[in-house]
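Novice: Can you keep this structure in mind? I'll have questions shortly.
We did not get these values from a lab; they are worked out from the coordinates using the rules stated. Treat the numbers as computed from the prediction; the structure is a model and nothing was measured. Note that we place each Cβ from the backbone using ideal geometry, even for glycine, and neighbour counts take in every protein chain shown.
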Amino acid sequence: MSERGNIVVVNENGYRIYHSHGSLYFDAYFFWGLEHALKFIELTSALYEHWYDTVWAEGGVLIDVTRQIVMLYGGETIQLHIPRRRLYIQLMQYLWKGWTIKWATNGLFDFVDHVGYPREDVDRDRLPLPDDETYSLEDIPFESQTTDKCDSIFSIHLKDGSIRLFPQHFQLDELLPYGERLVDELLALSIDSEISLDDDKSFPFQGCHIDMRDKSITYWTARPLEGFGKRIKPAWPGWTQTYLADDFESHIALTQGKLELPIRSVDNLLADLERILVAEVPNPVDRDNPNFDWIHESRRTYPPETPLRKELFNLAVKEWKASLGT
């Protein structure tokens, strides 16, 4: 396991930072309540004095014991599918009774803001802005036809009032740094003006609306893009930016109904979560680690055994449905 992440535990005396190499499965490891979360930290994480910065941190969990707040991000199966993630947060609430559960839509920035640490001390540029002489949009294999599966949705509102849509497999941080040059490249593509993505395909995890009338860009994303707006500002001089976090619904509204995204049924989303959280959770304990305490393995196993995971998951679903009156 090499997916680096910060685990932050806050109490009345301050906060401690732990480093973990299990951020790909943070969504599964921290679902089960405080007792199991602390066991995970004890077994797998090392105490450090510094943060993984925005380049190194691929996920994170913050547990504020004093204020009873949990913030998290990371975990590919939950993080990149916003409707599934929203249901996950609702269910998790019933296993962390009395706690506030938040998805850290601003990633590491939400953590450092919470504890009062300067953003600039953890913010690192991921990629330089493209240089006209070094990078060429002509080298990017854009999706030139309508597709029923994509990572990102771009929409352009033209000055004549028309709106065009462009599903792409490239991500915002790969394309928006090109600035207005990107608009010309997208408009040259032959793609339908209305898109309805296939219900059986994956949900896009990013989107951007470019309005040529008032020179504004509005974007949303399922994964954090810390400091992204500041980095792309030089590429869009005179343009205003709006970051929607994970509010894809506002993007749909901006397209005036031309964009339809697949919303799976609650039963299907629950089946996804049961598979991810109950059936597919790997054991994070590295049994090749010489520091692992074999003497206490029998009472320190993690994650919870499958029958207990099943029981806890069913309990969360039952209480969630009861709250809805179903």
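Novice: Starting with the highest mean, order 222-231, 256-265 by the number of other Cβ atoms within 10 Å, averaged over the residues of each peptide.
Specialist: Highest to lowest by the protection proxy: 222-231, 256-265.
Novice: Here's something else I'd like to know. Report the per residue volume, in Å³, of the convex hull enclosing the C-alpha atoms of segment 30-100.
Specialist: 110
Novice: Once phi is turned into ³J(HN,Hα) by the Karplus curve 6.51 cos²θ - 1.76 cosθ + 1.60 with θ = phi - 60°, what whole-Hz value does each residue of segment 39-47 show in order, with x for glycine and proline?
Specialist: 5, 4, 4, 4, 7, 10, 10, 10, 6
Novice: Out of residues 5 or more away from Gly59 or on other chains, whose amide H comes under 5 Å of its own, with H placed 1.01 Å from N in the peptide plane?
Specialist: Asn6
Novice: What ³J(HN,Hα) values, in whole Hz, does the Karplus curve 6.51 cos²θ - 1.76 cosθ + 1.60 give for segment 94-102 when θ = phi - 60°, with x put for Gly and Pro?
Specialist: Each residue's phi maps through the Karplus curve to give 7, 9, 10, 4, x, 9, 9, 9, 10 Hz.
Novice: Taking the highest mean first, how do the peptides 66-73, 203-210 order by number of other beta carbon atoms within 10 angstrom per residue?
Specialist: Going by the mean number of other Cβ atoms within 10 Å, highest first, we get 203-210, 66-73.
Novice: Excluding residues fewer than 8 places away in the same chain, name every one of the lysines whose C-alpha is closer than 20 Å to that of Lys215.
Specialist: Lys159, Lys230, Lys233
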